[in-house]
Ligand code: FES
């Protein structure tokens, strides 16, 4: 029997008092909860998902941000619709969502 693959989705929940802190720009905590809900609604594909409310992911000015690992895929999002597209396209079908993607090496500290 083969162990299920696991993907971890880190959702920045940092709430620093700056205009570029993800957690203050949108309800990032709510986004993590919404992702968990959306993933629970999907059919079982043999992949397990772990949604993690993280601290700063170093891409503050591009936020709110989340990262999918081990894919090393980074996304920004505005609402539940964007989160749903990340779930249906990237996580279910393995297709990157280009309109929401953040380049891997992009950092906010410029
Ligand atoms: S505050 Fe979210 S990446 Fe830094």
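Just so it is clear, none of the values below were taken in a lab; they were calculated from the coordinates. Predicted model, so just to flag it, every value in this text is computed and none were measured. Note: ideal-geometry Cβ built from the backbone for every residue, glycine included; neighbour counts use all protein chains shown.
Structure data summary
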item: Footprinting exposure proxy for 102, 9, 52 (fewest neighbouring C-beta atoms within 10 Å first); result: 52, 102, 9
item: Potential lengthening between residue 5 and residue 37 on full extension [0.36 nm per residue; Cα-Cα distance subtracted]; result: 9.6 nm
item: Net lengthening on full extension, residue 16/residue 98 (0.36 nm per residue, minus Cα-Cα); result: 26.7 nm
item: Taking 65, 87 and counting other C-beta atoms within 10 Å, the order from fewest to most; result: 87, 65
